[in-house]
Each structure stands twice: as C-alpha cells, then as structure tokens.
Amino acid sequence: MTPLLDIRDLRLSFRLWSGTVEVLHGISLSIARGERVALVGESGSGKSVTARIILGLIQAMRGARVSGQVLLDGQDLGLLSPRARHGLRGTAMTMIFQDPTSSLNPVLPILHQFREVLARKEPGISVAAAHDRAAAALQEVAIADADRVLGSYPFQLSGGMNQRVMIAMALANRPKLLVADEPGTALDVTVQAQTLDLMRGLVADHGTAVLFISHNLGVVREFADRTFVIYRGRIVEQGPTAAVFADPRHPYTRALMSAQPRLTAVGLPDIPERDPAFGDPMEVHP
Amino acid sequence: MLILVANPLTLVGVVLVATVVLAALLADLIAPFPDHRGAVVDFVNFNKPPSVAYIMGTDVVGRDLFSRILYAYRISLLMAVVVLAIAVPIGVALGLVAGYLGGRWEYGLMRLTDIFLAIPPLVLALSILGVMKPTLLNGMIAVTAMWWPWYTRLVYNITRGEKAEGYVLAAEVTGASRFHIMFREILPNCIPALVTKMTLDAGFVILIASSLSFLGLGVQAPTPDLGSMVAEGARYLPDQWWLSVFPGLAILVAVFGFNLVGDGMRDILGGDR
C-alpha cells in the first residue's frame with residue numbers, strides 16, 4: 001500500500017549573495033494513513049522547513065531551491081500546478097502552529113474564521129450551517145460553551161482555548177494529513193499536555209495522519225507511533241518510538257536524550273555544538 | 001460616550017465637526033439670504049460691516065457673507081468626502097499589494113509612491129490644475145492625485161508588520177487566496193489606523209482645497225468657496241477686515257475640529273502606528 005505521505009531525498013538550499021547554502025541534505029520520510037510520526041531535533045535542524053515544504057510554502061520563496069520528491073497519496077506534489085497544489089491546502093492537508101493566539105486573526109470573531117475554513121471545502125456555506133458545524137467541531141475538542149466561543153475574538157479566549165479552536169479548525173475539513181509544528185509550545189505544560197491528549201484522540205477517531213514536529217522528547221514519546229531524529233538537515237535515526245527511546249543508537253540521539261531534564265538528575269550534560277560522531281550514518285530500527 | 005467625557009478636547013472636536021456638517025447640510029434653512037450664494041448684486045448694502053441683519057457683514061457686491069460661508073462649507077466637505085473616497089481605496093489597495101506580495105510589486109509601487117511624495121503636494125496640484133481647467137472636479141482630481149501615496153505608505157507599513165503574524169501564515173496553509181489574505185485578513189487590522197488618518201485628513205483636504213482656491217484654482221466664482229473668499233477679501237484689508245477674517249475663521253473651525261476628532265480617534269482606537 002502506498003504511504004499517505006512519502007518524502008524522498010528532499011534537499012533544500014537557499015541562494016544567498018555569498019553563494020548557496022544547503023539546509024536539508026536528502027531527507028526521506030514516510031507516513032502511513034492514520035499514522036502519527038514525530039520529527040525531532042534541535043532548533044535549526046530543519047524540522048520546520050521540512051513541514052513548510054510539504055505544504056508548499058518554501059517553494060514560493062525566492063532563492064529557495066527544493067529538489068527531491070514529496071508524494072501525497074502517490075501523487076508528486078512538485079509536478080502539480082500551483083493551483084492544484086493550492087487546492088490541497090486546508091482540505092487534504094493542513095497545519096497548526098506553535099502559538100495558537102497569534103494564529104487567529106485578532107480582529108475577526110472565531111465564527112467568521114471558522115466559516116472561512118469550512119468554506120474551503122464547501123464554498124458558500126451559510127452562516128447558520130457554519131455555526132452548527134463549528135459548534136459540533138468545538139464539542140469534539142471539549143469546548144462546552146461553543147456559542148460563547150464562536151462569538152468571541154481570539155484575545156477574549158485563553159491560550160489553551162485558542163489552541164483547541166485551532167485544532168478543531170484544522171480537523172474540520174477532515175484532512176488526510178495534519179502537520180503540527182511544535183503545537184502548544186507557547187502554552188504552559190499542563191494545558192499543552194491536555195490539548196495534545198485531546199488531539200491524539202481526535203486524529204485516531206478521524207484516521208488523520210500526523211506529522212508531529214517537536215523538540216520535546218517527553219511529548220513525542222507519548223504521542224508518536226514512529227520517530228525520526230533530525231540533525232543538521234539529515235535524518236540520523238528512525239524507527240518505532242518505543243524502540244528509538246529504549247535503545248538510542250546514534251551518538252546524536254543519545255546526546256539529545258541525555259539532555260532531557262530529569263527529576264533525579266544533577267544538571268544537564270554539556271552537549272558539543274558539533275561532534276564528528278554526530279555525522280555517523282543513519283541508524284534504522286526495524 | 002464616557003470616552004468623550006474623559007477627553008474634553010475630543011468632545012470639542014466632535015461639536016465643531018458636527019456644527020460644520022450641520023451648517024453645510026442645513027444651509028438652505030439657516031442662511032438668511034440663500035440666493036446670495038450665486039451671482040447676486042445688491043449695491044445698496046455693499047461692504048457693510050457686521051450688523052444684526054448681516055452678522056458677518058456683506059462683500060463688495062452686497063452679498064451676505066454668513067450665507068456664503070454656509071454654502072462654501074458644502075463645497076469644502078464635498079471635496080473632503082470625494083477626495084478621500086477615491087484616494088483611500090486606491091492607496092489602501094496598492095499598499096496591501098506592495099506590502100503583501102513584495103518583490104517586484106513592492107519595488108514598483110513603492111518607488112512610484114516615493115516619486116509622488118517627493119513632489120511638494122501643492123506644486124503637484126498646481127501643475128495638474130495648470131494643465132487642466134480649474135474647475136471643482138479637476139480640483140478634486142488634483143488633490144486626490146497628491147493624497148493616495150500617503151495611504152499606500154501607511155498601509156504598506158502595517159501590512160509588512162502583519163505579514164509576519166501567525167494568522168497570515170495560518171491562512172496561507174489553510175489555502176486562503178492572496179486576495180483573501182490581503183483584503184479579508186490584513187485589511188481589517190489596518191482599519192483603526194485608517195480611520196484615524198482619514199479623520200485627520202478630512203481637515204487637511206479642506207485646508208489644501210482652500211489653498212488651491214485661494215490661488216485662484218479650483219472652484220470658480222460665483223460659487224462660494226472659503227479659499228477664494230479669503231483671497232478676495234485680503235485685497236480690502238485692513239478696512240473691510242470681515243471679508244477675509246470670517247472665511248478664514250470658518251476654515252480654522254473646520255480643520256481644527258477634524259484634527260481634534262482625529263487625535264481623539266487615535267486615543268480611542270489605539271491606532272498609533
């Protein structure tokens with residue numbers, strides 16, 4: 001069976017005045033239908049640009065050169081016309097971001113924004129129908145007083161509330177793929193855990209595949225079926241989450257895990273910025 | 001309303017603007033001599049100083065100055081409304097396009113606005129009116145031509161800031177069109193700044209329009225216009241002082257009122273960008 005998302009040898013470079021800088025050096029990654037896959041790495045390792053390439057946002061930038069293939073449902077997204085590609089956003093695939101409050105337009109009420117999302121799939125949906133659909137979607141993310149929330153502006157809601165609204169919006173059109181770029185990093189830990197729990201239940205119900213991007217190993221361990229560890233634009237280790245966490249083989253993965261704060265630890269180890277061992281070939285867990 | 005009480009200057013501005021607007025709208029009812037707005041000659045009562053019958057005096061051909069000022073407000077407000085109604089949509093649309101699309105659009109449009117902004121506004125309007133006939137319509141065209149670049153620049157700057165906001169990226173990944181993002185997502189965030197600037201500008205348009213007609217461009221006699229009335233009356237200073245002082249005060253009241261309201265808007269809407 002073809003995987004839902006198949007990334008093959010993805011390379012990205014930026015042309016600058018001083019020459020070309022390669023940022024991704026051949027990433028390969030696949031996600032099956034309904035699977036939750038985590039992409040873990042430190043800041044600047046290439047997690048977010050990978051996500052943005054999938055959505056086709058980087059390609060629109062001047063000076064960015066993307067090579068390799070991104071296949072959704074066996075269809076090469078690079079070969080699609082910009083228009084067809086645009087048609088997939090918000091319907092077949094969608095994305096949620098770190099800071100839920102800034103991801104919502106501050107001067108428009110929630111219902112207005114929800115309706116625009118629903119209209120992607122169902123152009124010209126009436127306000128009443130959008131209200132009903134939105135209220136139902138908000139029920140799913142455990143928002144009880146949907147009427148009040150729909151009539152509010154984002155700044156009138158808490159961060160956790162906005163995060164749940166974002167998740168409800170992202171899943172409203174039943175996308176096949178949800179890219180979650182460090183969701184909830186801007187929220188406090190308890191709220192973050194709550195919403196992630198909710199999200200996990202929802203994507204399981206809808207059979208949505210998730211590419212979960214994070215630097216938070218604890219969250220990844222809870223959330224993902226499979227984990228890819230990325231370092232400086234290369235995947236260094238991949239495999240089922242349990243296997244990767246139980247037996248990290250690549251020197252970088254080990255270093256990353258030892259940098260995880262623990263209750264019993266005396267302090268954090270000092271991880272070198274670069275280490276020749278981090279360039280070791282990729283470790284693949286079966 | 002509470003905001004107005006807390007901010008007495010804004011209240012003064014609102015009263016002044018309301019007075020000007022009402023005076024213009026109800027000129028037919030208020031004016032003691034409605035027919036004096038046209039080419040009427042009454043040599044019996046010419047050059048009369050302010051009195052009970054003519055509270056602002058009469059001009060050199062005996063027309064009541066107060067009546068003419070009321071009708072002149074109509075022209076001034078019409079000018080402000082028409083100029084802003086044309087300049088703002090053009091300026092805003094170009095600013096959104098330049099700010100959001102960037103690249104060549106930004107380069108082309110912003111250099112064009114720079115060129116317009118580099119020409120002193122009055123000189124630009126004068127040269128346009130020098131080529132075309134000095135009529136009310138052409139006066140509006142001339143003032144509009146010098147006005148839109150300010151809106152382009154204002155909206156361009158706001159758009160550049162808003163473009164980096166999360167909701168724009170979120171709209172992009174949801175598949176919103178560029179048109180949608182510009183006009184339905186970013187534009188609503190520009191409204192506070194636009195409302196403030198438009199209120200302030202209403203006063204400045206009146207001032208510029210009066211300057212043009214002071215120089216003899218724009219509205220032509222016998223239609224009453226504050227600028228041309230000041231110009232006309234200035235020739236008889238200081239003996240017939242009322243001929244220029246009252247139209248001048250009329251300009252002051254209108255511009256001052258709009259300025260106070262504009263400042264109040266800035267405080268209320270927080271559009272301080």
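The values are calculated or read from the model by the stated rules, or taken from the named source; none is laboratory data. The model shown is predicted, which means the values in this text are computed figures rather than measured ones. Here the Cβ positions follow ideal geometry from the backbone for every residue, glycine too, while neighbour counts run over all protein chains shown.
Say we look at region A:148-167 and pick out the residues that are within 14 Å of another protein chain (Cβ to nearest Cβ) and in a helix (DSSP H, G or I); which of these is surrounded by the fewest Cβ atoms within 10 Å (Cβ to Cβ)?
So the residue we want is A:Phe155.
Any idea which of A:Leu104, A:Leu138, A:Leu118 is farther than 26 Å from A:Thr185 by Cβ, among the aliphatic types (A, V, I, L, M) and touching a residue at least 12 places away in the same chain (Cβ under 8 Å)?
Matching residue, one of A:Leu104, A:Leu138, A:Leu118: A:Leu118.
Given the structure, is A:Gln98 surrounded by 20 or more Cβ atoms within 10 Å (Cβ to Cβ) and within 11 Å of chain B (Cβ to nearest Cβ)?
no
When the residues of region B:168-221 are filtered to those that are within 14 Å of chain A (Cβ to nearest Cβ) and hydroxyl-bearing (Ser, Thr, Tyr), which remaining residue is farthest from B:Phe246 (Cα to Cα)?
My answer is B:Thr174.
What's the total number of residues in region A:11-25 that are out of contact with any Ser or Thr (no Cβ under 7 Å at 6 or more places or on another chain) and aliphatic (A, V, I, L, M)?
2
Go through (1) of a type outside the set (Ser, Thr, Tyr); (2) in contact with a Ser or Thr (Cβ under 7 Å, 6 or more places away or on another chain); (3) without any contact (Cβ under 8 Å) to a residue 60 or more places away in the chain; (4) part of a loop (DSSP other than H, G, I, E, B) and name the single condition A:Gln98 misses.
With (1) of a type outside the set (Ser, Thr, Tyr); (2) in contact with a Ser or Thr (Cβ under 7 Å, 6 or more places away or on another chain); (3) without any contact (Cβ under 8 Å) to a residue 60 or more places away in the chain; (4) part of a loop (DSSP other than H, G, I, E, B) applied to A:Gln98, the lone miss is (3).
Please go through region B:70-80 and pick out each residue that is surrounded by fewer than 24 Cβ atoms within 10 Å (Cβ to Cβ) and either free of Cβ contacts under 8 Å to residues at least 60 places away in the same chain or more than 12 Å from the chain's Cα centre (by Cα) (or both).
B:Tyr71, B:Arg74, B:Leu78
Assess whether B:Val205 counts as being in a helix (DSSP H, G or I), in contact with a helix residue (DSSP H, G or I) (Cβ under 9 Å, 6 or more places away or on another chain) and surrounded by fewer than 22 Cβ atoms within 10 Å (Cβ to Cβ).
For B:Val205, the condition - in a helix (DSSP H, G or I), in contact with a helix residue (DSSP H, G or I) (Cβ under 9 Å, 6 or more places away or on another chain) and surrounded by fewer than 22 Cβ atoms within 10 Å (Cβ to Cβ) - is not met.
If you scan region A:9-40, which residues turn out to be surrounded by fewer than 15 Cβ atoms within 10 Å (Cβ to Cβ), within 14 Å of A:Ser67 (Cβ to Cβ) and either modelled with pLDDT of 90 or more or among the hydroxyl-bearing types (Ser, Thr, Tyr) (or both)?
Matches in region A:9-40: A:Asp9, A:Thr20.
I'm trying to understand the selection: among the residues of region A:101-127, which are at the interface with another protein chain (Cβ under 9 Å from one of its Cβ atoms), assigned to a loop (DSSP other than H, G, I, E, B) and either surrounded by fewer than 17 Cβ atoms within 10 Å (Cβ to Cβ) or among the β-branched types (Val, Ile, Thr) (or both)?
A:Thr101, A:Pro106, A:Val107
Residue-wise test of (1) over 23 Å from A:Thr190 (Cα atoms); (2) surrounded by fewer than 21 Cβ atoms within 10 Å (Cβ to Cβ).
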residue: A:Val203; (1), (2): no, no
residue: A:His215; (1), (2): no, yes
residue: A:Val229; (1), (2): yes, no
residue: A:Ile271; (1), (2): yes, yes
residue: A:His285; (1), (2): yes, yes
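Taking B:Ser210 and the conditions (1) crowded, with 24+ Cβ neighbours inside 10 Å; (2) part of a loop (DSSP other than H, G, I, E, B), which numbered condition does it fall short on, given that it satisfies the others?
It fails just one condition, (2).
Suppose we filter region A:48-68 for residues that are assigned to a strand (DSSP E or B) and either buried (at least 21 other Cβ atoms within 10 Å of the Cβ) or among the charged types (D, E, K, R) (or both); how many remain?
1
Check A:Gly46, A:Gly68, A:Gly56, A:Gly87 and return the single one that is at positive phi and without any contact (Cβ under 8 Å) to a residue 40 or more places away in the chain.
Working: A:Gly46 fails: without any contact (Cβ under 8 Å) to a residue 40 or more places away in the chain; A:Gly68 fails: without any contact (Cβ under 8 Å) to a residue 40 or more places away in the chain; A:Gly87 fails: at positive phi.
Going through A:Gly46, A:Gly68, A:Gly56, A:Gly87 in turn, just one is at positive phi and without any contact (Cβ under 8 Å) to a residue 40 or more places away in the chain: A:Gly56.
List the strands (runs of 3 or more DSSP E) that sit entirely inside region A:195-256 and contain at least 2 residues that are out of contact with any Pro (no Cβ under 6 Å at 6 or more places or on another chain) and under 17 Å from A:Val284 (Cα atoms).
The strands (runs of 3 or more DSSP E) meeting that bar are A:226-231, A:234-240.
Please verify whether region B:152-165 includes one or more residues that are surrounded by fewer than 22 Cβ atoms within 10 Å (Cβ to Cβ), facing chain A (nearest Cβ under 9 Å) and under 29 Å from A:Pro175 (Cβ atoms).
So far as region B:152-165 goes, yes, one or more of its residues are surrounded by fewer than 22 Cβ atoms within 10 Å (Cβ to Cβ), facing chain A (nearest Cβ under 9 Å) and under 29 Å from A:Pro175 (Cβ atoms).
Do you know which of the residues in region B:49-59 that are in contact (Cβ under 8 Å) with a residue 40 or more places away in the chain and surrounded by 15 or more Cβ atoms within 10 Å (Cβ to Cβ) is farthest from B:Leu217 (Cα to Cα)?
The qualifying residue farthest from B:Leu217 (Cα to Cα) is B:Pro50.
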